[in-house]
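Inspection log for the structure reproduced underneath, given as structure tokens.
The values are calculated or read from the model by the stated rules, or taken from the named source; none is laboratory data. None of these values were measured; they are calculated from a predicted model. Heads up, the Cβs are rebuilt from the backbone with ideal geometry, glycines too, and the neighbour counts pull from every protein chain shown. Note: accessible area is taken over every heavy atom of the protein model, side chains too, but ligands, DNA and RNA are not part of it. Shrake-Rupley method; radii C 1.70, N 1.55, O 1.52, S 1.80 Å.
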Amino acid sequence: QVQLVESGGGLVQAGGSLRLSCAASGSIFSIRVMGWYRQAPGKQREFVAAITSESIINYADSVKGRFTISRDNAKNTVYLQMNSLKPEDTAVYYCKGVTYHYESWGQGTQVTVAS
């Protein structure tokens with residue numbers, strides 16, 4: 001199994017930046033895709049960004065040009081650099097790891113953007 005732990009959330013003013021981290025442990029060799037999702041109050045969880053084991057990257061339209069996903073294989077960690085944050089980016093951000101057989105989720109980290 002894969003275990004994921006997010007960190008880096010917090011309160012930031014609109015226009016500010018935060019960097020989220022997702023540390024993976026366990027059967028990390030089996031991970032094919034690492035992704036970030038978010039869920040705002042009263043809304044469904046939505047896709048934010050993903051990076052494959054071949055470093056193919058995809059972003060939601062709402063964050064293109066503002067967010068950057070990256071990975072550090074030596075640290076088994078995926079990052080989400082979030083710039084030019086907006087109040088509508090406020091949500092709990094979750095990390096997801098996908099293998100051929102299952103997917104794992106982290107516990108989430110709260111991001112609050114004040115206007």
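Computed values, structure above
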| read-out | value |
| --- | --- |
| Some residue of the stretch 5-26 being without any contact (Cβ under 8 Å) to a residue 24 or more places away in the chain, open to solvent by 70 Å² or more (accessible area, probe 1.4 Å) and touching a Gly at 6+ places or on another chain (Cβ under 9 Å) | no |
| Members of the stretch 32-46 that are farther than 17 Å from Gln81 by Cβ and hydrophobic (A, V, I, L, M, F, W, C) | Val33, Ala40 |
| Strands (runs of 3 or more DSSP E) (entirely within the stretch 38-115) containing at least 1 residues that are in contact (Cβ under 8 Å) with a residue 60 or more places away in the chain and open to solvent by 20 Å² or more (accessible area, probe 1.4 Å) | 77-82, 91-98, 103-105, 109-114 |
